[in-house]
Amino acid sequence: MGETMSKRLKLHLGGEAEMEERAFTNPFLDYEAAASAALAAGAAEETGSNRPQPTTEELGLPFHNDGKMSDGCWPNTLNTKKMFANEDDSVDRDQLGSIALLYLQLYRVTCDQTYLLRSLDYVKRTLRNLNGRRVTFLCGDAGPLAVGAVVYHKLKSDCESQECIAKLLQLQRSIVSGESELPDELLYGRAGYLYALLYLNTEIGPGTVCESAIREVVSAIIESGKTLSREERKAERCPLLYQWHRKQYVGAAHGMAGIYYMLMQPAAKVDQETLTEMVKPSIDYVRHKKFRSGNYPSSLSNEADRLVHWCHGAPGVIHMLLQASKVFKEEKYLKDAMECSDVIWQRGLLRKGYGICHGTAGNGYSFLSLYHLTQDKKYLYRACKFAEWCLDYGAHGCRIPDRPYSLFEGMAGAIHFLSDVMGPETSQFPAFELGSPQRDEKVQKDD
Ligand SMILES: [Zn+2]
């Protein structure tokens, strides 16, 4: 028994050491504890008073109780643009499109025209550098072309906008062709191209990309998933199976969570039968791979509960679960999403840095998305605490990413997240989430 105990203890300590290596211990009180502390402080001051809830101000949140940002009680997060302003020249050429996207975001949250012009500047530079090799929003030509179309549309340069859309649609042939070796995942594959099409229909308006173009890409993704599922004899359990470099990844960047998430977008117009008969059981198959901690493996064959990144682990899978909860209206998806949120809260302040793909900002987005669905302040609180952490950019001794200014690995991503925390009701994970209804209303008002 003694031996069993020590083994168990070793395993336990091993797990903690591993965790410490990857993430910082979260120094913040969680919402309930912060709320009790605020209530206790309030009760000491006003004995006998009946105060059911502490105010957002007492919780140190930069919001009023109605969720609107309060003036001047939080360091203006957009001061972080100063961190960035002098670094423009250090941005890699293949990062230009995502920097254009960041400036477009800063224009959206501030309505300051200079950001739009800045974005245009990057769009022009990036359109001169299209490489013709990759097709996705994030890593290929589709991103610069789609962002270009939106920026030109906002500047009322419809001719240039149409030109970008036409070039984007020219890529489609290689995406739907049956012989194509293209993967289906988000970073380099079909789902990443699909996102570009849906992005245009969300940001410019429905019908910008015709339904038949979207339908063809969607059916290429579905057919590919069915084929692999048959080959692997999983048609019963997981009717849509995907792989990248021969590995069946689970996460949002290279895996099934990202692909199912895209297929469940209303703008993708996947028919109800396919959603119910194909997508839903596949999602449930992934759900059954959940670790006891609430986290998810990086691939179906990986048993190690290690990574809590958007690219691999709960912070990516949570978006699939939230979308499933909206589409299929079953309680279990939201319950699993809340478990993801707890894991991310405990293990999500990553030593890898502050970025979006595998950093604290990307993990913070999971709380914002859960807040959208539940309107529970607990998740807004958690997002704000991760934002607070990101405001101390560089002070925690994190690893410096290979591309320090990039949207997905570095500073641009952290700034994107901070700017979204300022308007949490319309936040969206860049190059992944599509606009919310409130956000669409705002876009229409701007036009
Ligand atoms: Zn990553």
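Values in this text are rule-based calculations from the coordinates and carry no lab data. As the structure is a computational prediction, the values presented were derived from the model and not from experiment. No Cβ is skipped: glycine too gets one built from the backbone with ideal geometry, and neighbour counts run over all protein chains shown.
Listing for the model above:
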item	result
Separation of the ASP66 and GLN53 label points, Cα + 7 Å toward Cβ, nm	1.4
Summed residue charge, Cβ within 15 Å of ARG246's Cβ, Lys/Arg positive, Asp/Glu negative	-4
Extension gain from GLU21 to LEU39, taking 0.36 nm per residue of separation minus the Cα-Cα distance	3.0 nm
Net charge, GLY60 excluded, C-beta distance under 10 Å - Lys, Arg +1, Asp, Glu -1	-2
Note, ³J(HN,Hα) from phi for the range 125-142, Karplus 6.51, -1.76, 1.60, rounded to Hz, x at Gly and Pro	5, 6, 5, 6, 10, 4, 9, x, 8, 10, 10, 8, 5, 7, 10, x, 6, 4
Long-range amide H partners of PHE63 with built H, under 5 Å	SER70
FRET efficiency, ASP121 to GLU425 (Cβ-Cβ, R0 30 Å, nearest 0.05)	0.55
Separation in nanometres of the label points that stand 7 Å from Cα toward Cβ, at GLU211 and THR110	4.1
Backbone HN-Hα couplings from phi across the range 424-430 [Karplus 6.51/-1.76/1.60, Hz, Gly and Pro as x]	x, 5, 10, 5, 7, 4, x
Interchain or long-range residues, amide H under 5 Å from LYS247's placed H	none
Radius 13 Å from Cβ of THR360, net charge of other residues (Lys, Arg +1; Asp, Glu -1)	+4
Two-site label geometry, LYS289 and ALA395: point separation in nm, points 7 Å out along Cα→Cβ	3.8
Rg in Å to one decimal, and Dmax rounded to a whole Å, for the range 166-250 via C-alpha atoms	13.7, 42
5 angstrom amide H check on LEU155, placed H, neighbours 5+ away	none
SER177/LEU155 FRET efficiency (R0 35 Å; Cβ-Cβ; nearest 0.05)	0.55
Directionally averaged projected area (convex hull, Cα atoms, the range 290-447), nm²	9.8
Relative packing of 287-293, 317-323, 60-66, which averages over residues the other C-beta atoms within 10 Å, highest first	317-323, 60-66, 287-293
